[in-house]
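See structure below.
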Amino acid sequence: MSRALPKYHKRRVFMIGGAAAVVLSGAVIAGSALAGETSQSSGNASTNASPGTISCPAVEGSLPEIPASAQAEVDRNLAQLDTQIQEANQRLVDTVGQGGPNFVQNAILGPLEDKRVAALNRIETAIGRAAEKPEGLEALAACTLDAAGGAAAGEEAGAGGDAAAEPGGAAGDAAGGNAAGEAGDAGGAADAGDAAGGGAADAGAGAGDAVGGGAAGTISCPAVEGSLPEIPASAQAEVDRNLALLDTQIQEANQRLVDTVGQGGPNFVQNAILGPLEDKRVAALNRIETAIGRAAEKPEGLEALAACELNQ
């Protein structure tokens, strides 16, 4: 018996050592597989997060000869057009995965077009002070998201299939907006369903800021007519048309408030409604100034009446 004990102990040590090796090997294999899966997931996320770039029609080639007295103002607005595109492209990067199906159009492309309309109107007006005023530059205002942005557009439309299938809040954010992402963080399928289909339950402070916790509120803007000088008879029709357009713009913005309750993040109302409305009002107010200026002294500074606010 005393001679058999060493063999028993050797066998037991061998078996324990073998078992430990098996466990260690399994851990290494599992760790490698997890690392591979993580790497692949990160690769997919990186690919899906590519926002693309915004392209806009060139303006300089469509301009007539620019009078020397207008050159500085035209150059300033051309530079502003370039800056607007750069800012919009940066916003594409900063907001990847945010918002609903029309986020890029509503919060980036739409506001960019309105800003370009205002700048193009200023170019027309500057040239028109010293030469024949060019018309129709607004046709160059609309911009597009290039094909490389398809993946980002898909994410913003809530169509990121691979991301939607993965568990967790990051996938929720990429596939269905902020509300679905936070529902994913919470891990509740019922909450995710409510957030994806419920509109009014956009998780986080964004919905509260945007719509006052479910109530759309109304938009109020400064009155314009009381700030106008005497209007020449030849300008009356155009001024009236733009005053009516200002009213229509407010009505459309208020309707959009109702239609988008619960959408977007903390700055959705400012970025997608109030900001674009201000740009549209600047363009209309510039047209009013120009119409009066053709037959009388041109009023200046009406743009100060462009900004509007949300009343809760």
Taking just the alpha carbons, could you work out the radius of gyration and Dmax for the range 58-128, both in angstroms?
14.7, 47
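Give, in nm to one decimal, the length gained when the segment between Q312 and Q105 is fully stretched (0.36 nm per residue of separation minus the Cα-Cα distance). Provide the component values of the computation, followed by the final result.
Numbers: separation 207, 0.36 × 207 = 74.52 nm, distance 2.54 nm.
Value of the extension gain: 72.0 nm.
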Under a 1.4 Å probe, counting only protein heavy atoms, T218 has an accessible area in Å², nearest 10, of 70
Accessible area in the full protein assembly, largest first, 1.4 Å probe, for I85, I54
I85, I54
Just the accessible area for E309, please: 1.4 Å probe, Å², rounded to the nearest 10?
110
Whole-Hz Karplus couplings 3J(HN,Hα) for the range 236-249, θ = phi - 60° and coefficients 6.51, -1.76, 1.60, Gly and Pro as x, run 4, 5, 5, 5, 4, 5, 6, 5, 5, 5, 4, 5, 4, 4
Accessible-area order (highest first, 1.4 angstrom probe) of the listed residues R116, R294:
R294, R116
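Give, in nm to one decimal, the length gained when the segment between D240 and D82 is fully stretched (0.36 nm per residue of separation minus the Cα-Cα distance). All intermediate terms of the calculation are to be shown ahead of the outcome.
Working: separation 158, 0.36 × 158 = 56.88 nm, distance 3.27 nm.
53.6 nm is the gain from fully extending D240 to D82.
How much length is gained if the chain between E135 and A58 is pulled fully straight, taking 0.36 nm per residue apart and subtracting their Cα-Cα distance, in nm to one decimal? Display every interim value, and only then the final one.
Numbers: separation 77, 0.36 × 77 = 27.72 nm, distance 1.58 nm.
Difference between extended and current length: 26.1 nm.
Going highest first, how would you order 270-277, 245-252 by mean Cβ packing within 10 Å?
Numbers: 270-277: 22.4, 245-252: 15.0.
Highest-to-lowest ranking by the protection proxy: 270-277, 245-252.
The values are calculated or read from the model by the stated rules, or taken from the named source; none is laboratory data. It should be emphasised that the depicted structure is a prediction, and the values quoted were computed from it without experimental measurement. Please note: Cβ atoms are built from the backbone with ideal geometry, for glycine as well, and neighbour counts cover all protein chains shown. Calculation scope for accessible area: heavy atoms of the full protein, side chains included, ligands and nucleic acids excluded. Shrake-Rupley method; radii C 1.70, N 1.55, O 1.52, S 1.80 Å.
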